[in-house]
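Trainee: A single structure is presented below for examination.
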Amino acid sequence: SKPSYKWRRVLLKVSGEALAGDQLQNIDPKITMAIAREVATVTRLGIEVALVVGGGNIFRGSSWAGSSGLDRSSADYIGMLATVMNAIFLQATMESIGIPTRVQTAFRMSEVAEPYIRRRAVRHLEKGRVVIFAAGTGNPFFTTDTAAALRCAEINAEVVLKATNVDGVYDDDPRRNPHARLLDTLTYEEVTSKDLSVMDMTAITLCQENNIPVVVFNLNKPGNISKAIKGCFAKQGRSL
Ligand code: UDP
């Protein structure tokens with residue numbers, strides 16, 4: 001009989017920063033290939049994988065807004081376009097190793113990718129295709145973490161798996177404070193009250209309201225993405 005895994009359908013959030021690795025270029029093809037390979041192994045097991053990709057490796061609206069007359073909304077639209085670049089790169093990489101992949105954008109770019117259509121996205125997943133959601137929520141003033149929570153709820157995925165450059169959630173920034181402690185499980189309230197930078201507040205509260213667990217893991221360790229998707233890092237019970 002088929003082995004069963006914790007989740008049937010997952011939402012994997014890959015930040016733009018993670019795609020850059022330690023390269024000077026915006027995207028490290030070794031990283032996109034590693035992601036593609038690991039996603040391939042789990043889709044072969046029958047787990048449905050949807051991705052939300054960030055854009056921070058190319059452009060982050062909040063850090064540009066205000067400078068040289070750029071208003072926040074315009075800056076955020078540029079940021080959303082950056083996520084589309086990452087999505088197309090990831091799609092090309094996935095398809096180069098034979099994973100059928102569709103990109104859906106939150107605003108129309110019909111020559112480049114499908115528009116986001118929830119029922120069509122679900123159909124793709126049911127057929128074993130990977131779906132990459134690009135352009136965030138399609139709205140300025142939001143983040144791709146919020147897009148991850150939103151799309152997860154919409155397509156009835158069971159978990160948001162947040163791939164980062166650190167091992168999980170710390171009580172301080174581990175890159176600055178060598179004594180920062182890795183926290184095991186957290187409630188949504190702990191994240192918001194202690195202002196832990198797991199995700200922004202909009203994303204966290206959206207997960208909380210919809211009982212969506214969030215698993216934070218390090219994408220730089222080989223095998224971690226497929227482990228996360230198989231549920232290896234998830235704790236029992238209703239925790240974050
Ligand atoms: N963005 C936006 N609305 C969204 C998602 C993203 O305006 O729903 C813009 C915003 O400017 C953001 C940029 O796109 O800074 C890139 O996304 P994000 O910072 O979330 O990427 P990540 O941190 O995951 O690389």
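Trainee: Can you list residues whose amide H is under 5 Å from VAL216's amide H, if they're 5+ apart or on another chain and H is modeled 1.01 Å from N?
Mentor: LYS162
Trainee: Ok, one more. If we count other beta carbons within 10 Å of each Cβ, what is the order of LEU45, LEU150, fewest first?
Mentor: By the 10 Å Cβ count, ascending, the order reads LEU45, LEU150.
Trainee: Next question. By counting other Cβ atoms within 10 Å of each Cβ, how are SER15, SER197 ranked from fewest to most?
Mentor: Exposure proxy ranking, most exposed first: SER197, SER15.
Trainee: Give me LEU11, LEU186 sorted ascending by neighbouring Cβ count inside 10 Å, so fewest comes first.
Mentor: Ranked by crowding around the Cβ, least crowded first: LEU186, LEU11.
Trainee: While we're on this one: With runs of 4+ DSSP H residues as the only contributors, calculate the mean residue ellipticity of the chain at 222 nm using -39,500 (n - 2.57) per run, divided by the residue total and rounded to the nearest 500.
Mentor: -11500 deg cm²/dmol
Trainee: If you don't mind, another one. Classify the chain as rounded, prolate or oblate, taking a ≥ b ≥ c as the square roots of the eigenvalues of its Cα gyration tensor: rounded when a/c is under 1.5, otherwise prolate if a/b is larger than b/c and oblate if not.
Mentor: Because its axes are fairly even, with a/c under 1.5, the chain counts as rounded.
Trainee: For the chain, modelled as a Gaussian network with Cα springs under 10 Å, which listed residue fluctuates most, ALA65, ALA121, ALA20?
Mentor: Among ALA65, ALA121, ALA20, the largest GNM mean-square fluctuation belongs to ALA65.
Trainee: Now for a different question. Non-local amide H neighbours of LEU51 (under 5 Å, H modeled in plane, Pro and chain starts lacking H): which ones?
Mentor: LEU12, VAL131, ILE132, PHE133
Trainee: Calculate the spin-label point distance for SER67 paired with ILE117, positioning each point 7 Å from the Cα along the beta-carbon direction, and give it in nanometres.
Mentor: Between ILE117 and SER67, the simple spin-label model gives 4.0 nm.
Trainee: So if the hydrodynamic radius of segment 135-177 is defined as the Kirkwood radius over C-alpha pairs, what does Stokes-Einstein give as its diffusion coefficient at 4 °C and 1.567 mPa s, in µm² per second?
Mentor: This corresponds to a translational diffusion coefficient of 105 µm²/s.
Trainee: Report, as a whole number in µm² per second, the diffusion coefficient that Stokes-Einstein gives for segment 31-93 at 25 °C and 0.890 mPa s using the Kirkwood radius over alpha carbon pairs.
Mentor: The diffusion coefficient I find is 186 µm²/s.
Trainee: Taking 0.36 nm per residue of sequence separation and subtracting the Cα-Cα distance, how much length would be gained by fully extending the chain between ASN139 and VAL166, in nm to one decimal?
Mentor: Answer, rounded to one decimal: 6.9 nm.
None of the figures in this text is laboratory data; all of them are computed from the coordinates on show. As the structure is a computational prediction, the values presented were derived from the model and not from experiment. No Cβ is skipped: glycine too gets one built from the backbone with ideal geometry, and neighbour counts run over all protein chains shown.
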